[in-house]
């Protein structure tokens, strides 16, 4: 069924009236099919009405949504919209990192009300002691099953196409998170573009475990299924992180055809799912697996393909894509049934800003295509210094225009130029979104190379952090995440630093650690002709990440310079190290300590 209105609420109301018994969402409370709770469109409309009734009088004000992922979250999201409020998705204030982000968002948007799960009620007073002064009078609404027992009429739906519907806080990979102002028109246009991109397929079934307060989880996991009218199975992010097998098992049990995942999660599946578990999986129903939110690494995609081909996974189902909150979500993606495309480029030429095919034995690097621009969007590359359009194959900043581009950042008028950039010396008019990402175009396809602010310039060469990080991780199978950046002591040239986390904290002697450091230095030096001056090794969770799992390079560099990064203390007795360069194949998930906020920038 196509959309039948100008807002999600009109779509939900129409479906409730005409196909009320149709399944909208299924939530797996323990991450398995054994504890499933269903929500039909009639149920969803009733829950939305209950939330909207409780929020009566908050139209035009901001409501912070900090409920746990699940059906209550979905109802509160649309219930806030139905009340005419601007909904602000945020992570629940659980844990140090999540609490810091919650408080930062609270201070920035000054909401009238906070919607949380009932478990937060006992923590309300303790939380209030940490609130900024601007939030001292904020009201709370706690959701549980009893709350949704009340009945209410679905509210009238005046046209709110251009009103502020959401403040989608960016993931904060390059600094403090900023609230992206999204209208109902932005949300609908991006869903329309994604629907056109993916096509209308009978019997489509979705699955998401991504955080619903991140743009990829919110749009791809909740909004698009409602827009397209197909059911979606929801797991919590925590259940995936604890055991990635659960996501693959859900695909098997429910015949899931479409899902979304960031690059790092594919690595988690390869590392943690055992041979015995693979024998229980059937992934042939998966036709579209959108992969974005962070740099796409060909070695990761290849490992996932090779590991799960035996249970029906097809490489052609993978859809590398590029998006960001400032453009609502999707900007570009792979089309057609061919496998994902990558180009092997001359490393030296790429460091000079030119995408030139590798030849002979010259050092090379693989860059994944993120497909063509989504319907309604325009993507082109601009030299970030001259602001002149770049030629095909030249690396520059990615600029975007279209109806999905947001109006700006909430309360950040000084950053308005990000959304109203203009080129110099070009015939094309209009204003564009400066993404801050670097890339190039080849034959109409977008290739993303990194973040403009993260590029390292050493001896006149542009080095991309994720290239160095790939080399560092390949140096030893015991490492799971790396961050590369430059430091510049007073009066000295810039120096390369690599920070790496072990997959498991474990117990390692100083000799073990020295072996790993030497392996990282040797691999990075050989592949990039730059020798790291420092290699910091830490336990899982050492490197700061965004809510989508991307490395926060600036925060990592600052922590390194302040001496705040956790080291892995050496043990006195011998530890156990896996053979360098040998990927693990079995065992349970060892990333439970990963920071996810339980990419799209």
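The values are calculated or read from the model by the stated rules, or taken from the named source; none is laboratory data. Because the structure is predicted, anything quoted here is derived from the model rather than measured. Backbone-built Cβ (ideal geometry, glycine too); neighbour counts: all protein chains shown.
Yes or no: residue 17 out of contact with any helix residue (DSSP H, G or I) (no Cβ under 9 Å at 6 or more places or on another chain) and more than 14 Å from residue 115 (Cα to Cα)? So residue 17 does not fit the description; no. Checking 289, 301, 324 one by one, the residue that is touching a helix residue (DSSP H, G or I) at 6+ places or on another chain (Cβ under 6 Å) and closer than 30 Å to residue 377 by Cα is 289 and no other.
Here residue 517 meets each of (1) within 29 Å of the chain's Cα centre (by Cα); (2) under 23 Å from residue 267 (Cα atoms) with one exception, condition (1). Of all residues in region 407-431, those being touching a helix residue (DSSP H, G or I) at 6+ places or on another chain (Cβ under 8 Å) and surrounded by 18 or more Cβ atoms within 10 Å (Cβ to Cβ) number 5. Listed here are the strands (runs of 3 or more DSSP E) enclosed by region 395-477 that have at least 3 residues being within 25 Å of residue 187 (Cα to Cα): 396-401, 433-442, 445-451.
Of everything in region 157-174 that is closer than 23 Å to residue 69 by Cβ and at pLDDT 90 or above, the residue that is farthest from the chain's Cα centre (by Cα) is 165. Among the numbered conditions (1) within 17 Å of residue 330 (Cα to Cα); (2) out of contact with any strand residue (DSSP E or B) (no Cβ under 9 Å at 6 or more places or on another chain), the only one that residue 445 does not meet is (2). Residue selection: residue 300 fails the criterion of being modelled with pLDDT under 95 and closer than 13 Å to residue 445 by Cα. Within the option set 79, 46, 70, being surrounded by fewer than 24 Cβ atoms within 10 Å (Cβ to Cβ), over 21 Å from residue 108 (Cβ atoms) and touching a helix residue (DSSP H, G or I) at 6+ places or on another chain (Cβ under 8 Å) holds for one residue only, 46.
If you check residue 177 against the conditions, is it outside the structural domain of residue 555 (by TED's automatic domain parsing) and either more than 26 Å from the chain's Cα centre (by Cα) or surrounded by fewer than 12 Cβ atoms within 10 Å (Cβ to Cβ) (or both)? Judged against the criteria, residue 177 is not a match. Taken together, the criteria place residue 424 among residues that are farther than 15 Å from residue 377 by Cα and out of contact with any strand residue (DSSP E or B) (no Cβ under 8 Å at 6 or more places or on another chain). How many of the residues in region 245-268 are closer than 27 Å to residue 448 by Cα and either surrounded by 23 or more Cβ atoms within 10 Å (Cβ to Cβ) or modelled with pLDDT under 95 (or both)? So the count comes out to 11.
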